[in-house]
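Right, one structure below, let's go through it.
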Amino acid sequence: LTECSVLDKLMTVQLAAGDIEAALSSAERRCELLATLPVAAASGLELFDGYGMAADFAVCAGRLPAALTFAQRLHDLPFYREEAHLATARLLVVTLMSGAWDQTVANAERFRTSWERAGRPTDGDLNRGAYAAATGYGLRGDDATRAAWLGLIDDLVVSDLALRDRTCYQALDAMLFLHRGQPGRAVARLDVAPED
C-alpha cells in the first residue's frame with residue numbers, strides 16, 4: 001500500500017499539471033498493485049478509490065475500453081453486491097460515453113432503487129453517474145425521465161462539491177445537444193471552447 005499512496009500523490013501532481021495520460025499511467029500501475037491485494041475490509045477503500053480513479057482518468061483520456069475494465073472491476077467488488085448505487089456510478093458514465101445506452105438505462109434503474117433503499121444519501125462521488133443516467137434518458141428522447149434524474153441530482157450532490165463536476169455536466173449536456181443537432185447550444189453550454 002505504500003507504493004499505492006505514492007502513486008496517489010503523484011496522480012494529484014500530474015492532474016494539476018494537466019497531464020491526463022501520465023495520471024492514467026499512474027492509476028493503471030496502482031491498479032496492478034491493487035490486484036495483488038486480497039479483497040478484504042482492510043483493502044476495500046483502496047480498491048474502490050483505485051478502480052474509480054482509473055476509470056475516471058481513462059474516460060478523460062478517451063480510452064473507453066480501459067475505462068470499462070476499471071469500472072467493471074469496481075462494480076464487481078463484493079463490498080457493493082447490495083449497494084448498486086455505489087457499484088454502478090462509474091459504469092453509468094462509461095456505458096453512456098461508449099454508446100451502450102441500453103446498459104446505461106438498466107444500470108440507472110439499479111442505481112436509483114439502491115440509492116433510495118439506502119435512504120437517499122448525499123454523496124459527491126455519485127452525482128456524475130446520476131448525470132450520465134439523465135443524459136442517457138435524454139439521448140433516448142425521454143425528457144420527462146431526464147428531468148426526474150436532474151431533480152435526483154439536486155438531492156444527491158454534496159453542496160460544497162456542487163461546482164467540482166460542472167465541467168462533466170457541461171460535457172454531457174453538450175453531447176446531448178450535439179445528438180439533437182444543436183451544435184450552437186452545445187458550444188454555448190461549455191465554459192471552455194471544444195478545441196481547448
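Here is a yes/no grid of residues against (1) out of contact with any strand residue (DSSP E or B) (no Cβ under 6 Å at 6 or more places or on another chain); (2) among the acidic types (Asp, Glu); (3) surrounded by fewer than 21 Cβ atoms within 10 Å (Cβ to Cβ):
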site	(1), (2), (3)
71	yes, no, no
82	yes, yes, yes
87	yes, no, no
100	yes, no, yes
111	yes, no, no
119	yes, no, yes
126	yes, no, no
131	yes, no, no
Legend entry - Residues of the stretch 28-81 satisfying the condition of being polar (S, T, N, Q) and within 14 Å of the chain's Cα centre (by Cα): 69, 72
Legend entry - Check on residue 12, hydroxyl-bearing (Ser, Thr, Tyr) and crowded, with 19+ Cβ neighbours inside 10 Å: no
Inset, instruction - For the stretch 140-188, enumerate the residues that are under 22 Å from residue 124 (Cβ atoms), of a type outside the set (A, V, I, L, M) and open to solvent by 60 Å² or more (accessible area, probe 1.4 Å). - result: 154, 155, 159, 160, 164, 166, 167
Inset, instruction - Output the number of the condition that residue 68 fails; it satisfies all remaining conditions of (1) touching a Ser or Thr at 6+ places or on another chain (Cβ under 7 Å); (2) not in a helix (DSSP H, G or I). - result: (2)
Inset, instruction - For residue 61, indicate whether it is open to solvent by less than 50 Å² (accessible area, probe 1.4 Å) and farther than 30 Å from residue 143 by Cβ. - result: yes
Inset, instruction - May I ask you to list pairs of residues, at least six apart or on different chains, whose Cβ atoms are under 8 Å apart, with the first in the stretch 137-166 being in a loop (DSSP other than H, G, I, E, B) and of a type in the set (Phe, Trp, Tyr) and the second being surrounded by 11 or more Cβ atoms within 10 Å (Cβ to Cβ) and at pLDDT 90 or above? - result: none
Inset, instruction - Examine the stretch 115-130 for a residue that is acidic (Asp, Glu) and assigned to a loop (DSSP other than H, G, I, E, B), and state whether such a residue exists. - result: yes
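The values are calculated or read from the model by the stated rules, or taken from the named source; none is laboratory data. Small disclaimer: the values here were computed from a predicted structure and weren't measured. When we count neighbours, we look across all protein chains shown, and the Cβ atoms used for this are built from the backbone with ideal geometry, even at glycine. Ligands, DNA and RNA are excluded from the accessible area calculation, which covers all protein heavy atoms including side chains. Shrake-Rupley method; radii C 1.70, N 1.55, O 1.52, S 1.80 Å.
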